[in-house]
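Working notes for the structure below.
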Amino acid sequence: MRDPSPYVALLVAIVPAALAQMSGIVRSESGPVSGATVRVERTALAVTTGRDGAFALPAAVSQSPLSLTAYAPGYYIAGPFRAQPGSAHIDILLKKHPERDHAGYEWVAAASSAGREFNCQNCHADSGAKDSPLPFDEWLKDAHGTSVQSRRFLSMYNGTDLSGAHRSPPTPRGVHSEYGSFPLPPDLTKPYFGPGFKLDFPRSAGACAACHAPAAAVAAPYGTDFNSVAGVGREGVTCDFCHKIWSVRLAPSTGLPYPGMPGVLSIAFRRPPPGSQLFIGPYDDVAGEDTYSPLQRRSQICAPCHYGQFWGVQVYNSFGEWLASSYADPVSGETCQDCHMPRRGSALVARRDKGAGDRDPKTVYSHLMPGASDIALLRDTAVLRVNAQRAGSAIQVRVQVTNARAGHHIPTDHPARNIILVVSATDATGHELRQLSGPVIPDWGGQGNEPADYAGRPGKIFAKVLEELWTGAAPTAAYWNPTRLREDTRLAAKATDTTDYQFAVSGNGGPVVVRATLVFRRAFRTLNRQKGWDTPDVLMNEWHAQLLCGAKRRPTPASPGSPVARSKVPVRPRAAWSGWTRW
């Protein structure tokens with residue numbers, strides 16, 4: 001269920017029979033404020049003011065005073081005000097926050113080493129906790145917090161290997177009588193460490209910083225070179241950046257960002273003038289220099305950086321894929337935050353010694369933001385079902401892969417990502433049976449003799465395959481060059497892919513082991529080798545069973561500690577079995 005705001009505006013709560021009404025008025029310097037939310041701090045007990053700014057809040061009779069807060073659009077959150085249940089004539093004054101963005105604002109660093117009052121680490125971190133659930137500590141482990149200093153990203157930007165010590169030669173170029181200069185394929189007889197934006201466009205900074213270094217790129221989205229980003233900009237998608245987002249610019253007809261408007265170009269900020277501060281957050285009861293925005297809990301806040309076209313080709317589109325799926329249903333769907341900012345059971349958003357109090361853990365979102373580097377999330381995404389049986393002189397295998405848990409395609413966004421389905425049937429001696437029919441994994445699944453070289457084996461790859469128009473390179477991750485979409489075999493949300501295979505029965509007889517494995521790969525095998533990326537493949541799911549001559553038997557159980565045994569999805573079985581066939 002989507003939850004666009006942390007609380008309902010008016011809640012009928014189950015409370016003790018004895019009630020004491022708290023009443024008063026919410027006003028500003030210009031008069032009463034209607035539509036303001038008056039809340040018992042950190043609870044769901046709240047009411048909305050009427051046209052005259054008046055409110056009446058029922059509260060349980062208590063000897064202890066309660067803390068009240070008040071918020072209305074366009075104002076700072078006021079409070080907390082201590083009031084005894086039964087109190088009347090409570091007067092709450094709201095102060096307007098800045099009504100426009102001030103481009104000269106100096107971003108506040110997240111790290112306390114900057115030595116400023118509002119550094120996020122001062123209050124939102126607990127250095128003494130091993131697995132602190134506070135926002136700053138989680139953000140440090142998240143890809144958003146490392147988006148500028150990621151060695152993988154820098155190796156693609158600069159055209160180097162992972163260490164940065166070795167760089168590919170500049171892109172060779174030819175000259176066309178009509179089109180002018182154009183890129184040529186690299187000379188692979190010489191040391192080559194993969195593509196790089198700066199190899200193809202050495203005089204351009206590109207638009208990468210518009211998403212990866214947004215605080216640095218706000219003033220120059222197309223002119224911020226990653227190699228010169230400094231100060232707060234090096235914190236990547238830093239706390240202050242996200243909590244200054246006022247709105248996003250989406251096309252009314254599609255609900256998507258406009259083409260050619262990546263990252264900061266599709267974001268409207270509300271940065272305060274000198275001498276003041278404004279933090280925009282997901283709660284309407286955090287008083288001080290804070291205000292509330294429902295956008296913080298909506299998928300639309302993710303759209304500017306998770307949607308992108310290059311040379312007219314859709315490359316990044318996890319937001320658009322979500323928007324087109326049933327997950328975007330306003331009643332039954334789920335937001336990006338529901339999956340990527342999951343509740344971890346924490347009741348705190350800051351330290352208690354900094355004034356924070358416990359909240360309902362269902363309203364506290366994690367800042368770990370798991371994604372393509374999160375093994376647990378990947379293993380909880382796809383369902384694998386297999387039907388294997390003897391048919392004459394062949395083994396027939398049907399494999400179904402379902403995108404059961406992701407609210408977008410799998411894989412999504414970066415076009416180098418791919419998911420590989422590997423299917424095999426082996427005899428009693430361990431030799432693989434000859435494939436008679438069914439798809440095979442293409443060359444870019446990995447050519448060679450290593451275990452992870454899957455080219456030519458039974459199976460398929462789920463990927464968005466781009467081809468460079470000038471060089472013909474495919475699949476390519478150098479999407480900053482003109483490309484075309486060669487094929488897109490990825491699985492949309494809740495979609496199922498079915499493939500069929502046949503294997504020749506060995507003349508030796510005996511048992512046959514059928515196995516299906518689903519592997520997530522961060523980048524194509526060749527690119528991994530060129531760059532020296534050391535990120536291992538992730539085993540998302542696997543299924544195996546033994547077909548025997550003679551009596552029927554159940555499938556071989558998953559060994560302890562295997563991905564199947566570790567599955568935490570009892571209501572959604574990971575594998576289906578057709579039963580055994582007597583030979």
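What follows draws every value from the coordinates through simple rules; no lab data is involved. Quick caveat, the model's predicted, so the values are computed rather than measured. Note that we place each Cβ from the backbone using ideal geometry, even for glycine, and neighbour counts take in every protein chain shown.
Computed from label points 7 Å out along Cα-Cβ, the spacing between residue 374 and residue 129 is 1.7 nm. Calculated [222 nm] ellipticity per residue, helices only, for the chain: -2000 deg cm²/dmol; basis is -39500 (n - 2.57) per DSSP H run with n ≥ 4, divided by all residues, nearest 500.
Note: relative contact order over the chain, using C-alpha pairs below 8 Å and six or more positions apart, is 12 percent. Placing dummy labels 7 Å off each Cα toward the beta-carbon, the span from residue 102 to residue 48 is 3.2 nm. Take the alpha carbon atoms of the stretch 99-118, find their center, do the same for the stretch 350-382, and report the distance between the two centers in whole angstrom. When both Cα centres are located, 24 Å separates them. Computed from backbone phi with θ = phi - 60° and the Karplus coefficients 6.51, -1.76 and 1.60, the 3J(HN,Hα) list for the stretch 39-44 is 10, 6, 3, 6, 10, 8 Hz; x is used for glycine and proline. Note on residue 118/residue 474: beta-carbon distance plugged into 1/(1 + (r/R0)^6) with R0 of 41 Å gives a FRET efficiency of 0.25. In plain terms, the chain from residue 176 to residue 220 could stretch by 12.6 nm, reckoned as 0.36 nm per residue minus the Cα-Cα distance.
At 37 °C and a viscosity of 0.692 mPa s, what translational diffusion coefficient does Stokes-Einstein give for the stretch 19-93, taking Rh as the Kirkwood radius over Cα pairs? Give it in µm²/s as a whole number. Reported coefficient: 273 µm²/s. Projecting label points 7 angstrom from Cα along Cα→Cβ for residue 30 and residue 64 puts them 4.0 nm apart.
For the pair residue 393 and residue 414, what calculated FRET efficiency results from E = 1/(1 + (r/R0)^6), where r is the Cβ-Cβ distance and R0 = 35 Å, to the nearest 0.05? FRET efficiency, residue 414 to residue 393: 0.20.
Scalar couplings 3J(HN,Hα) for the stretch 376-386, obtained by applying the Karplus form with A = 6.51, B = -1.76, C = 1.60 to θ = phi - 60°, are 4, 5, 5, 6, 10, 10, 10, 9, 10, 10, 10 Hz; x denotes Gly and Pro.
From a point 7 Å beyond the Cα of residue 548 in the direction of its Cβ, which residues of the stretch 420-434 have a backbone N at a distance under 19 Å? 426-430, by backbone N distance to the label point.
Quick one: of 95/244; 198/464; 141/460; 141/464, which pairs are farther than 22 Å apart, Cα to Cα? Where the Cα-Cα span goes over 22 Å, the pairs concerned are 198/464; 141/460; 141/464. The listed peptides 23-29, 386-392, ordered by packing as a protection proxy, come out as 23-29, 386-392 (highest mean of other Cβ atoms within 10 Å first).
For the stretch 52-169, the normalised intensity computed at q = 0.19, 0.21 Å⁻¹ comes to -1.10, -1.12 (log10 of I(q)/I(0), Debye sum over alpha carbons, equal scatterers, no solvent). Within the stretch 190-210, name every residue whose backbone N is under 20 Å away from a label modeled 7 Å from Cα of residue 227 along the Cβ vector. Output list for this probe position: 191-210.
Each pair of Cα atoms in the chain enters the Kirkwood radius, and Stokes-Einstein at 20 °C and 1.002 mPa s then converts it into a translational diffusion coefficient of 79 µm²/s. Taken one residue at a time, the phi angles of the stretch 162-172 give Karplus couplings (6.51, -1.76, 1.60, θ = phi - 60°) of 4, 6, x, 7, 10, 10, 5, x, x, 4, x Hz. Gly and Pro are set to x.
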